[in-house]
Structure formats: structure tokens, C-alpha cells
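> What follows is a single structure, and I will ask about it in a moment.
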Amino acid sequence: MKLFNAQIDETQRQLLQALWEKGPAMPLELAVRTFMLPDEIQQPLQELEKAGLVERHAFKGGEMLVLTKLGQEIVRS
Amino acid sequence: MTTLLTWLAGHHVGLYLATALVAALWAVSEIVSTFAAQPVRALRTSGALLLVGLNAAFACLVLGAALATGLAPSLWTAVGVGLAWQMLIRTRINFIQPLPGEGSSEAVGFRLDEMYTRLQAFCRRQIDRTLVSERVRLIEQALTMLDLEELARRAHLVLAALLATGPADPRNYVQKILNSEMDEESKELLLVLTILDHGSPALLRDMIREAERGKKDAKEKTS
């Protein structure tokens, strides 16, 4: 777990924290929550997804970003 | 009538109702704390209704099992089961009686626990989806009714009071959006989301209502 924490940069930590505090969000909503532009969160978000900390759930109007169990543990630690 | 009352008393219906009520209240409190940003809207969804119902039903099932083991049928038992039934099906104590012809009590308890966890996750996903769909509808309405200038003004007001908690300063965010190379529609969308997320859905609804009134008044004046 500590290894994961060391690999997460400030932007990624903010994204995880925003999902933890306010719940699942659409990608644009997540950008707004962290006061960033959509382009700025694209790369860090992809890395979080690759690390298995965040996953996308499809729904009628688009897709939603949700913290995985591992992602929740990282935020709590 | 007397027969019905006797039957109800014989089957401890009052106790089951008490357990169901306590378990339902417990579920409501869980929903309210999980969806703290929109508790009332979350409670109005079908997923929430299902979760409350499930809690009540599972708690009654556990009460039935508890009474079958010979536990005294009292109000305290009913309230206790209503509060602690989730813990009871998760413990591996010999509490839940095996179904006839089935394996051990542990297996039954574990299956109940697993089934409830899955159903609970399903209900939460349903609530999430309903809330997100509602947000999408509100965003679409706002985009049709409000212009960039008004959205920027309101978003700026909403963010003015926020303190920076990360590297990005909230007070510069509106300017950052306006200065970006995105098209006007994308800028409007981000501003709507800013008002929605850092303000509230109620604020955005008020803005839409004001804009609708304004348009209606303008129409009446011209006609």
C-alpha cells in the first residue's frame, strides 16, 4: 500500500480524494471538482485506471468514474 | 377479527414489524450518509426503496431464524436483530439454522451475507445511476437556457468563497476556463458543472427558472 502511495502524484491524489469525498462522477465533473481542465486530468486518470484504483461504469447518459476497493483503501491510508 | 388478532399474536407479527422498522431506519441512515450531498434525492430513487425493503426483509429473515433457535420473543430481541442483523449473518456463530437437507449453518449464514452484499451493491449502483441521469437532464436544461456570460458570473460567485486546498486556486478557475482554447459550448458545460458541483443543484434550478421567467416576460412585452 505504501508503494502505491509513493507512486501517486499530487494530481492523482486530488482525483482520488474528489471521488472519495463526493462520490462517483463523470470525467468532466471530476475535472471541475479538482479545478482542472478536462485535458489536464486525462493522463493522470488513465494511469489511475491502469493501476486499478479507478474504473469506468457505463450508464445511459455516458460514463461514470468510480473508486475501486483498492482506490478507497489508498484514499483512507 | 379475534381470529386474525390471535393469529397475528401467535406469529409475533408485531416483533417482525419492529425489526423491519429498525432495519429500514438503519438503511435510511446509511443512504443519507453515503449520499450526503443529495440525501433527499437519493432517498427518492427506486434503488433506495429497494435497499430499504431489502434491509427490512433480510432482518425479518434473521429474526425468524433467531426465534426458531429458541430466543425469547421480546421487543428487545426484535430491536436488537433490527440493529445488528448484518453483523449476525456475517459472524460464523451457530445462529442461523441450516435449511433442511442443506449444509452447515455457516454455509447458510455466509450465503445470506454474500447475497445481501451483492444486492446492496446493486441498489447503490442504481441510486448512483439515477442521480447521475438527473444531473445530466439538469445540465442539458441549463445549457439551453443560460448563456456563457451569466454562467461565468454565477460560477465566479460560487467559487469566490472557496479556499484553495490543492495546487489549483478555485478563485482563478472561471478565468482559466474562459481563457482556455475550448469551444464556447464546452466552456458553458464546465461552468454549469462548476455551479452544480461547488454550488448546488438547487442554485442551478433557480437560475433556469429565472431565465425561463425572463424569456416569458420578454415574450409578453413584445406581443
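The values are calculated or read from the model by the stated rules, or taken from the named source; none is laboratory data. Not measured: the values here are computed from a predicted model. Don't worry about glycine lacking a Cβ; one is built from the backbone with ideal geometry, like all the others, and counts go over all protein chains shown. Please note that ligands, DNA and RNA were not included when accessible areas were found on the heavy atoms of the full protein model with its side chains. Shrake-Rupley method; radii C 1.70, N 1.55, O 1.52, S 1.80 Å.
> Return the residues of the range B:155-168 that are free of Cβ contacts under 8 Å to residues at least 24 places away in the same chain and surrounded by fewer than 14 Cβ atoms within 10 Å (Cβ to Cβ); say none if nothing qualifies.
Result: B:Leu157, B:Ala160, B:Ala161, B:Leu163, B:Ala164, B:Thr165, B:Pro167.
> Within the range B:160-170, is even one residue in a helix (DSSP H, G or I) and of a type in the set (Gly, Ala, Ser)?
yes
> Tally time: how many residues in the range B:1-27 are open to solvent by 50 Å² or more (accessible area, probe 1.4 Å) and either at pLDDT 90 or above or among the aromatic types (Phe, Trp, Tyr) (or both)?
Number satisfying all stated conditions: 6.
> Of all residues in the range B:36-50, how many are surrounded by fewer than 19 Cβ atoms within 10 Å (Cβ to Cβ) and assigned to a helix (DSSP H, G or I)?
Residues flagged as surrounded by fewer than 19 Cβ atoms within 10 Å (Cβ to Cβ) and assigned to a helix (DSSP H, G or I) within the range B:36-50 amount to 7.
> Can you tell me which residue within the range B:129-158, out of those that are within 14 Å of another protein chain (Cβ to nearest Cβ) and acidic (Asp, Glu), is nearest to B:Ser200 (Cα to Cα)?
B:Glu134
Residue-wise test of (1) without any contact (Cβ under 8 Å) to a residue 24 or more places away in the chain; (2) open to solvent by less than 60 Å² (accessible area, probe 1.4 Å).
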residue	(1), (2)
B:Ala142	no, yes
B:Arg153	yes, no
B:Pro170	no, yes
B:Tyr173	yes, yes
B:Met182	yes, yes
B:Leu190	yes, yes
B:Ile195	no, yes
B:Met207	no, yes
B:Glu212	no, no
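> Where the second residue is of a type outside the set (S, T, N, Q) and open to solvent by 40 Å² or more (accessible area, probe 1.4 Å) and the first is within 21 Å of B:Asp113 (Cα to Cα) and lies in the range B:64-87, which pairs have Cβ atoms under 6 Å and are six or more apart or on separate chains?
As it stands, the answer is B:Leu67/B:Pro73; B:Thr77/B:Leu71, since those pairs meet every condition given.
> Can you confirm whether A:Leu45 is modelled with pLDDT of 85 or more, within 11 Å of chain B (Cβ to nearest Cβ) and surrounded by 15 or more Cβ atoms within 10 Å (Cβ to Cβ)?
Considered against the rule, which asks whether it is modelled with pLDDT of 85 or more, within 11 Å of chain B (Cβ to nearest Cβ) and surrounded by 15 or more Cβ atoms within 10 Å (Cβ to Cβ), A:Leu45 comes out as no.
> What tally of residues in the range A:22-34 results from selecting those that are open to solvent by 10 Å² or more (accessible area, probe 1.4 Å) and more than 9 Å from every other protein chain (Cβ to nearest Cβ)?
Number of matching residues: 1.
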